[in-house]
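See structure below.
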Amino acid sequence: MNNVVQKLKTKLGAGARTNLFRAYIFFPFATPSLDADSYVLINKVEIPEVKIEAPLKVIFQGGHEIKFGAVNRLFPTMTLTIINDVNFSWRKELERYIEFISGWAAETKAEPEEYERDLIIENVGLKGEVLRRYTLKYAFPTGVSNITLNADQEDIQKYDVTFEYQGITFE
């Protein structure tokens, strides 16, 4: 029994961890408060499932049924839970991103080609190597959640950022 467990551990390595990941968010404007190659640490994210709408069924005379699967792919909203930094650098830029899209600060709305950017999420190993990369194509934020301030808690501040996107690739 012990030999079987050891073989399994050897085959899996350390295993892919659910708590080691980061995201690269590419802004449509200069971000002086962030390094060009910086990434945000994520506390939680649910990688969207890849699925298609219910298959299209065509029933022919006599009751024969043919199903067509690749009709419409669905891309559900994705939410990143981000660990806040002491300077609120990422939060400030994400709020600015949403202002840029909505146009309420500039009084002109941005066009999709101006604000849609790829969003990369990487699952990393214990040594920092990339185990799996998810690229959300033409992504943009639609909301930054509130931060609850509570004197009774000593947790690290976290907040959610909701993204919409047009597609996803896996590497």
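Derivation of every value follows stated rules applied to the coordinates shown; laboratory data play no part. Keep in mind that this is a model prediction, so the values were computed, not measured. Every residue, glycine as well, gets a Cβ built from its backbone with ideal geometry; the counts of neighbours run over all protein chains shown.
Spin-label model, residue 147/residue 166: points 7 Å from Cα along the beta carbon direction are separated by 3.3 nm.
Local charge for residue 160 was computed over the other residues whose Cβ lies under 12 Å away, with Lys and Arg +1 and Asp and Glu -1, and equals +2.
Measuring nothing but how far apart in sequence close Cα pairs (under 8 Å, 6+ apart) lie, relative to its length, region 101-167 scores a relative contact order of 26 percent.
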